[in-house]
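**Q** Before I ask anything, here is the structure I am working with.
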Ligand SMILES: Nc1ncnc2c1ncn2[C@@H]1O[C@H](COP(=O)(O)OP(=O)(O)O)[C@@H](O)[C@H]1O
Ligand SMILES: [Mg+2]
């Protein structure tokens, strides 16, 4: 049984369904990656797991609990951290203030958790008194993820965390994602950089028009000729 499971999810934004029987799972310590063409429903699937998109049928479970009726806020309290695709940092606050906002749910001492995040992303420590709006794209993504980690989530959902990031920074970033998973967190990531993301994926999902087209280990998807020619540029 996986830690987070969205099973047979059908639903959308009120009109026709966007998701059709879509199943996404990620387990503790795993990196799972969702890839697929633009408009395939990747972000919608992630939002459905968080409760931002209503499901008509299907279920969402966290460990043994059905969380399908919980609000997004309640799901965050239950242990799901979410980093949206855009506008995911407060640009007019400093790096440290961004992390403090992430810590609002926690009773634990701010500096203990912040120290762990600064260890994971050392550049944030160096720039902790700078405004997030002054940082590079890659550094802002680190702030956004750091903020989500401040709640010590069991599951971390990342929607296109490498959008607009240079290739070198991207490789380095994926190494950190593996580090995060190795602490026992379940990481589920939507990625446009499909090849690189699948290289670190224990489990990969190819979504097309809201449906699961392929589900397999990242390596297996990378080796699958059909997946390669249709979704990975050959
Ligand atoms: N807020 C919204 N309201 C209505 N339709 C939306 C909304 N967001 C996305 N959609 C539609 O849902 C489909 C899937 O979008 P999305 O999940 O964002 O795709 P992806 O993340 O794979 O690029 C698209 O057809 C898109 O137009
Ligand atoms: Mg998207």
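**Q** Look at residue 4 and say whether it is touching a helix residue (DSSP H, G or I) at 6+ places or on another chain (Cβ under 8 Å) and within 16 Å of ligand 2 (Cβ to nearest atom).
**A** no
**Q** For the range 18-26, indicate whether the set of residues that are within 13 Å of ligand 1 (Cβ to nearest atom), surrounded by fewer than 24 Cβ atoms within 10 Å (Cβ to Cβ) and closer than 24 Å to residue 161 by Cβ is non-empty. Reasoning before the result, please.
**A** Just the residues of the range 18-26 that are within 13 Å of ligand 1 (Cβ to nearest atom), to begin with: 18-20, 22, 24.
Checking the rest, the ones that are also surrounded by fewer than 24 Cβ atoms within 10 Å (Cβ to Cβ) come to 18, 20.
With closer than 24 Å to residue 161 by Cβ added as a condition, the list becomes 18.
So far as the range 18-26 goes, yes, one or more of its residues are within 13 Å of ligand 1 (Cβ to nearest atom), surrounded by fewer than 24 Cβ atoms within 10 Å (Cβ to Cβ) and closer than 24 Å to residue 161 by Cβ.
**Q** Which one of the conditions (1) buried (at least 20 other Cβ atoms within 10 Å of the Cβ); (2) free of Cβ contacts under 8 Å to residues at least 40 places away in the same chain; (3) more than 30 Å from residue 110 (Cβ to Cβ) does residue 171 fail to meet, given that it meets all the rest?
**A** (1)
**Q** Check 36, 15, 29, 41 and return the single one that is near ligand 1 (Cβ under 9 Å from one of its atoms), in the same structural domain as residue 222 (by TED's automatic domain parsing) and out of contact with any strand residue (DSSP E or B) (no Cβ under 6 Å at 6 or more places or on another chain).
**A** 15
**Q** Right, here's the next one. Tally time: how many residues in the range 38-91 are surrounded by fewer than 16 Cβ atoms within 10 Å (Cβ to Cβ), closer than 25 Å to residue 200 by Cα and within 16 Å of ligand 2 (Cβ to nearest atom)?
**A** Within the range 38-91, residues that are surrounded by fewer than 16 Cβ atoms within 10 Å (Cβ to Cβ), closer than 25 Å to residue 200 by Cα and within 16 Å of ligand 2 (Cβ to nearest atom) number 4.
The values are calculated or read from the model by the stated rules, or taken from the named source; none is laboratory data. Predicted, not measured: the structure shown is a model, and the values here were computed from it. Note: ideal-geometry Cβ built from the backbone for every residue, glycine included; neighbour counts use all protein chains shown.
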